[in-house]
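Enquirer: Dropping a structure here in structure tokens format, bear with me for questions.
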Amino acid sequence: MGSDFNVAIVGGGISGLTLAIALIDAGVNTTIYEAAPKFGEIGAGVAFGPNAARAMELISPKVYDAFIACKTDNIWESKQNTWFTIRVGDARKGDKDGYAKPGLKVGDAWFDVNFTNDYSRGGVYRAHFLDALVKHVPESAAKFGKKLVDVEQATDGSGDVVLRFDDGTTAQHNAVIGCDGIKSKTREIVLGAEDPASRAVFSGKYAYRGLIPMDKAVELLGAEVAQNSNMFFGYHGHLLTFPIEKGRTFNVVAFASRETWEKPNWVVTTSKEEMVADFEGWGKTVQDIVGAMEKPDIWALFMHPPAKTYYKGRVCLLGDAAHATTPHQGAGAGMCIEDSLVLGSLLKDAKNVADVERAFSAYDEVRRPRSLKNVVTSKEAGQLYDFELEGDDLDKVEQNMKHRMEWVWNEDLPAQIEKARKIYQGARANI
Ligand SMILES: Cc1cc2nc3c(=O)[nH]c(=O)nc-3n(C[C@H](O)[C@H](O)[C@H](O)COP(=O)(O)OP(=O)(O)OC[C@H]3O[C@@H](n4cnc5c(N)ncnc54)[C@H](O)[C@@H]3O)c2cc1C
């Protein structure tokens, strides 16, 4: 093993680390530049669907085992195949007796959206999952406190890229892969600062995130709601919950709507009163959950307009840097991991630096349509849950919900790699 080229990865989140593991395993000389003083994730949950777990499995047992060690499924046996149990959460949809439609009370289980394949899936506590990934990245491969501020072409005629950091230092590499998230600097470099798609836009939704100890959640909500995944739909908002940390913690994300976001920060602290006021008029279960949430930070949800390309020359975008999305399909991080799988597989085949750009091109062709589709359908999903897409016509909402995730979950990833390899080999053959 061992490649004749080296790559820099900018950013050590889920994207940067899964890609680094794939590349290091393939013998590619890889350095991660991370702005923060160490690797780290926020203290919140993230759910992975079967496509994400399958991608992890195909990248490396190291990634898959990290997931399996951290993941939590629905606790109840009868809910093992359920993505979310859907409920109407908003009491304003109920009649005077609390019925949202004949036979269905606000807060009751309405229908289950079930997985349609047998691959693993589940929710993880982000910080634990990242820690489990970090163990597989050699210390020597990571440089911290390296905030990228620019990428320039080397002046030595090599065609290399020179990374410029805010501490005044530089680093020269054959190629760079930007895994630097939604506020990506590398995206601006690939698309050009004048391209409006180089910056994320507000999606019209914001979220409160919270963790509640499971015993408290069971006491408050009963075991069925507390120990399994649920979504509560309503007017211009929804709430989702799932168990994490092997069932010790109840993870909540509560969504609401507003037209614009003017504040420079995308995460701001608010008061508990403001959070509770956002769910005034909702049913008892939702109000109980919101009432039990502490530390009410608001997360403004931004998303990227579609990028016209994911690479330029020897600079490539991966993960949120390429296609930051709203979280309404719980598929953003899964798409990041699929990206790492496909680009990692192509770079494994690359023999020299000339092949790297061909690999970027094949990756772009295969990954861009699917990951951009997720951005569009995810925004739409948020509107559906918030009674904005099909209105509050519950039959139409149910119909729309039933199969809308299948294209995400049932992707044939080996076929995707094969397709990317064919494009890449075709480009090599045309040299
Ligand atoms: C509320 C919410 C809930 C979500 N829930 C889910 C879910 O349930 N399931 C799911 O699949 N997805 C979910 N997502 C999406 C998921 O969180 C992201 O897709 C994923 O975390 C992106 O990972 P990333 O590594 O690409 O980017 P990030 O996690 O943003 O990592 C980027 C890294 O780059 C570093 N960096 C940034 N700029 C620079 C720079 N200039 N120089 C050097 N380093 C830099 C950062 O410090 C960071 O370490 C959710 C998102 C939100 C907002």
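Enquirer: Restricting attention to the range 274-321, and to residues there that are surrounded by fewer than 17 Cβ atoms within 10 Å (Cβ to Cβ) and small (Gly, Ala, Ser), which single residue is nearest to residue 152 (Cα to Cα)?
Expert: Per the criteria, the residue is 313.
Enquirer: Okay, next question. Which of the residues that make up the range 330-383 are without any contact (Cβ under 8 Å) to a residue 60 or more places away in the chain, open to solvent by 10 Å² or more (accessible area, probe 1.4 Å), more than 12 Å from the ligand (Cβ to nearest atom) and in contact with an Asp or Glu (Cβ under 8 Å, 6 or more places away or on another chain)?
Expert: Within the range 330-383, 370 is the sole residue that qualifies.
Enquirer: Criterion first (assigned by TED's automatic domain parsing to the domain that holds residue 152 and within 15 Å of the ligand (Cβ to nearest atom)) does residue 391 satisfy it?
Expert: Criteria not met by residue 391.
Enquirer: Identify the residue in the range 85-124 that is modelled with pLDDT under 95 and either more than 19 Å from the chain's Cα centre (by Cα) or more than 30 Å from residue 137 (Cβ to Cβ) (or both) and, among all such residues, is most open to solvent (accessible area, probe 1.4 Å).
Expert: Once the filter is applied, the top-ranked residue is 118.
Yes/no per residue for (1) of a type outside the set (Lys, Arg); (2) closer than 22 Å to residue 257 by Cα; (3) in the same structural domain as residue 229 (by TED's automatic domain parsing):
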residue	(1), (2), (3)
280	yes, yes, yes
285	yes, yes, yes
293	yes, yes, yes
298	yes, yes, yes
314	no, no, no
318	yes, no, no
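Enquirer: Mind checking which pairs have a first residue in the range 145-169 that is open to solvent by 80 Å² or more (accessible area, probe 1.4 Å) and a second that is near the ligand (Cβ under 10 Å from one of its atoms) and basic (Lys, Arg), Cβ under 8 Å, 6 or more apart or different chains?
Expert: 166/147
Enquirer: What single numbered condition from (1) within 22 Å of residue 121 (Cα to Cα); (2) within 18 Å of the chain's Cα centre (by Cα); (3) not small (Gly, Ala, Ser) fails to hold for residue 412?
Expert: With (1) within 22 Å of residue 121 (Cα to Cα); (2) within 18 Å of the chain's Cα centre (by Cα); (3) not small (Gly, Ala, Ser) applied to residue 412, the lone miss is (2).
The values are calculated or read from the model by the stated rules, or taken from the named source; none is laboratory data. This structure is a prediction, so every number in the text was calculated from the model and none was measured. A quick note on method: Cβ atoms are made from the backbone with ideal geometry, for glycine too, and the neighbour counts reach across all protein chains shown. In case anyone asks, the SASA skips ligands and DNA or RNA and just uses the protein heavy atoms, side chains included. Shrake-Rupley method; radii C 1.70, N 1.55, O 1.52, S 1.80 Å.
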